[in-house]
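Heads up: the structure comes next, in structure tokens.
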Amino acid sequence: MDPLLAQRVAQTACDNVERVVVGKRREVLLVLVALLCRGHVLLEDVPGVGKTVLAKAIARTLGCSFKRIQFTPDLLPSDVTGVNVFNQESGRFEFRPGPIVAQLVLADEINRATPKTQAALLEAMEEAQVTVDGVTHRLPDPFVVLATENPIDYEGTFPLPEAQLDRFLIRLSLGYPGRANELEMLDRQQRAHPLAALEQAVGVDELLAAQAAVHEVHVALPVKEYILSLVEATRIHEDVYLGASPRGSLALYNTVRAWAAIQGRDYVIPDDVKLLAEPTLAHRVIVNPSARIKNVDSRVVVADILARTPVPGAQPLNAATRGWGRA
């Protein structure tokens, strides 16, 4: 298998998305990391910074089937998963799939739906399937949910339950683009939105092959232990009520392999772990009330853990060191 396949796919896709989303290369690459890991992304930021545009641009770049679900308080679970409808001609019930049946699903303002409707996503996000009236339907491959939420507006919203937050591989904030990037954005949209002319740059088959290539990236035993040390530290930190679960360990393990592959390496270094720790672990950490009073949030906790935890040495997997540090 070509060791540089994932790097080429990610760079091509990122360059294409940047024709629309200006000045957010790191964030775009992190979304692509999630795609390479078959994981889901939570985009948490204020309105108008390009969350929905980013999701649409990635779907067009990869040529994936794309569906959008606008979450509202009156949205029902069946509006997401689909329903069985009786066909009078055949005399049988037929499954009418909901918008969740797509390769890339944009769950817009996900925290505006009731917990009952949010729960309709749990099976889909974890097992890539939906069950309607006792019948299970597989979702297309790849299947990725890009959800957005506004962290500022609390009126009419329902906080995401911990079980659902834990199913998101990565949580990102786009932030404002900066003056120079915002000026470039104005120039690009003088006559039309660049999204309208965006074309596919990577095929779905290439994406699936790149996903398989990520599994070939080597993680040395000291780096694995570093990952576990960080996750275990979230469970005993003095400001934490509930730390990251084993799913958090797997999330960090998988994302660092994907990031290494994007960088053109077939091995992981500790800097990869430090870079991906906050996006993959912070949303899985619940800060205790006394810490919240002091304005300590989960991102601060993860940064503190990174500063405290010793960083191991690492070396690439090659002919001279093959087998070094293997579990």
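Residues L183, L174, L169: which one is free of Cβ contacts under 8 Å to residues at least 60 places away in the same chain, not aromatic (F, W, Y) and not assigned by TED's automatic domain parsing to the domain that holds V287? Write out each step before concluding.
Numbers: L174 fails: free of Cβ contacts under 8 Å to residues at least 60 places away in the same chain; L169 fails: free of Cβ contacts under 8 Å to residues at least 60 places away in the same chain.
Just a single option satisfies the conditions, and that option is L183.
In region 28-55, how many are under 15 Å from the mean Cα position of the chain (by Cα) and either surrounded by fewer than 20 Cβ atoms within 10 Å (Cβ to Cβ) or part of a strand (DSSP E or B) (or both)?
Counting residues in region 28-55 that are under 15 Å from the mean Cα position of the chain (by Cα) and either surrounded by fewer than 20 Cβ atoms within 10 Å (Cβ to Cβ) or part of a strand (DSSP E or B) (or both) gives 8.
Of all residues in region 213-256, which are out of contact with any Leu (no Cβ under 7 Å at 6 or more places or on another chain), free of Cβ contacts under 8 Å to residues at least 60 places away in the same chain, part of a helix (DSSP H, G or I) and under 27 Å from A10 (Cα atoms)?
If the condition is that a residue be out of contact with any Leu (no Cβ under 7 Å at 6 or more places or on another chain), free of Cβ contacts under 8 Å to residues at least 60 places away in the same chain, part of a helix (DSSP H, G or I) and under 27 Å from A10 (Cα atoms), then L250, Y253 are the ones that fit.
Out of curiosity, is V105 in a loop (DSSP other than H, G, I, E, B), surrounded by 17 or more Cβ atoms within 10 Å (Cβ to Cβ), in the same structural domain as V49 (by TED's automatic domain parsing) and modelled with pLDDT of 90 or more?
no
Mind listing just one residue for me: the one in region 216-263 that is polar (S, T, N, Q) and surrounded by fewer than 23 Cβ atoms within 10 Å (Cβ to Cβ) and, of those, farthest from the chain's Cα centre (by Cα)?
If we take residues in region 216-263 being polar (S, T, N, Q) and surrounded by fewer than 23 Cβ atoms within 10 Å (Cβ to Cβ), then S229 is farthest from the chain's Cα centre (by Cα).
Scan region 288-302 residue by residue and report those that are surrounded by 13 or more Cβ atoms within 10 Å (Cβ to Cβ) and assigned to a helix (DSSP H, G or I). Before you say what the answer is, go through the steps one by one.
So in region 288-302, the residues surrounded by 13 or more Cβ atoms within 10 Å (Cβ to Cβ) come out as 288, 291-292, 296-302.
Correct list: A291, R292, S298, R299, V300, V301, V302.
With respect to D205, determine if the residue is surrounded by fewer than 17 Cβ atoms within 10 Å (Cβ to Cβ) and either in contact (Cβ under 8 Å) with a residue 40 or more places away in the chain or in the same structural domain as D141 (by TED's automatic domain parsing) (or both).
yes
Go through D79, D74 for me and flag whichever is among the acidic types (D, E) and either in contact with a Gly (Cβ under 9 Å, 6 or more places away or on another chain) or within 29 Å of E206 (Cβ to Cβ) (or both). Give the steps one after another, and end with the answer.
Numbers: D74 fails: either in contact with a Gly (Cβ under 9 Å, 6 or more places away or on another chain) or within 29 Å of E206 (Cβ to Cβ) (or both).
So the residue among D79, D74 that is among the acidic types (D, E) and either in contact with a Gly (Cβ under 9 Å, 6 or more places away or on another chain) or within 29 Å of E206 (Cβ to Cβ) (or both) is D79.
Please specify each residue of region 260-276 satisfying the condition of being under 21 Å from P310 (Cα atoms), of a type outside the set (V, I, T) and touching a helix residue (DSSP H, G or I) at 6+ places or on another chain (Cβ under 8 Å).
Of everything in region 260-276, those that are under 21 Å from P310 (Cα atoms), of a type outside the set (V, I, T) and touching a helix residue (DSSP H, G or I) at 6+ places or on another chain (Cβ under 8 Å) turn out to be A260, Y267, P270, D272, K274, L275, L276.
The values are calculated or read from the model by the stated rules, or taken from the named source; none is laboratory data. Not measured: the values here are computed from a predicted model. Heads up, the Cβs are rebuilt from the backbone with ideal geometry, glycines too, and the neighbour counts pull from every protein chain shown.
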